């Protein structure tokens, strides 16, 4: 059997590893990991936008009655949908003609492609991890819509095509401390935010902290026992409990967490929505050649967005 050309090899390698690549996308970010664990990673198959149904008010027909009292049956419009654009990301894997000549042996070509593919994978992981914290305006609006828009500093923005200045139910909670938080004040701030986010069984499942919030909260616990969620810690995300919430450090070296910010997220209402045909796959199986260069290329591609169906149960704690 003849050895396949480099472009076919790259495409085959991506296809073979696409399940692993998809899985590692979520493992590379604490927020996406929580959504995956919750079962809120849901592919979609088409359409011009990604829709998430939301319940924006109670049904007014719910009422007390006695005996043969007539029951209200009027139509009640209580369901709508938030709409999110489909965003796209890609990373080309390129091999020049000279590199093919220099790596002419079968094993050498495989090693070359393997190395290039690993770089492409890690680049895509980091691109999406950075997008998790974005407001969706990066790269002229082509970036995914992340937590900076979903859980905004000023929650009167338009998010999911719903104007929060008009529809207050769609706005997140926000608290800015009156002074820089310290180990002596951090838990007071966290208690105040927690109280704003509870409704019956609804509560934040994860609090994503930058280095500042994390180190301040840890310092406040020096004399207390710490509770760690091993599954998150095993994935490289140190976790400490606050009430029933996993407080996760997603800062560190090269982290993208928003500075001096703690995001409180009810993950029941958030979704990671990649397209079923564009979820870390080769952009096309056909050979791709540069028109005016001695090179071949294959493209690792993704399309989708992060969506939400309820942000009023999420909050943002800020330290000056």
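The values are calculated or read from the model by the stated rules, or taken from the named source; none is laboratory data. Computed from a predicted model, the values in this text were never measured in an experiment. Note: ideal-geometry Cβ built from the backbone for every residue, glycine included; neighbour counts use all protein chains shown.
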Residue 47: passes all of (1) assigned to a loop (DSSP other than H, G, I, E, B); (2) touching a helix residue (DSSP H, G or I) at 6+ places or on another chain (Cβ under 8 Å); (3) modelled with pLDDT of 80 or more but (2)
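May I ask you to verify whether residue 41 is in contact with a strand residue (DSSP E or B) (Cβ under 9 Å, 6 or more places away or on another chain) and modelled with pLDDT under 70? Break it down into steps so the answer makes sense when it comes.
Working: in contact with a strand residue (DSSP E or B) (Cβ under 9 Å, 6 or more places away or on another chain): yes; modelled with pLDDT under 70: no.
Taking the combined requirement at face value, the residue does not satisfy it.
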Restricting attention to segment 136-151, which residues are out of contact with any strand residue (DSSP E or B) (no Cβ under 7 Å at 6 or more places or on another chain), surrounded by 14 or more Cβ atoms within 10 Å (Cβ to Cβ) and either over 14 Å from residue 256 (Cα atoms) or at pLDDT below 95 (or both)? 136, 138
Can you tell me which residues in segment 168-221 are part of a helix (DSSP H, G or I), without any contact (Cβ under 8 Å) to a residue 24 or more places away in the chain and over 26 Å from the mean Cα position of the chain (by Cα)? 188
Could you tell me which of the residues 283, 259 is surrounded by fewer than 21 Cβ atoms within 10 Å (Cβ to Cβ), under 19 Å from residue 116 (Cα atoms) and modelled with pLDDT under 95? 283
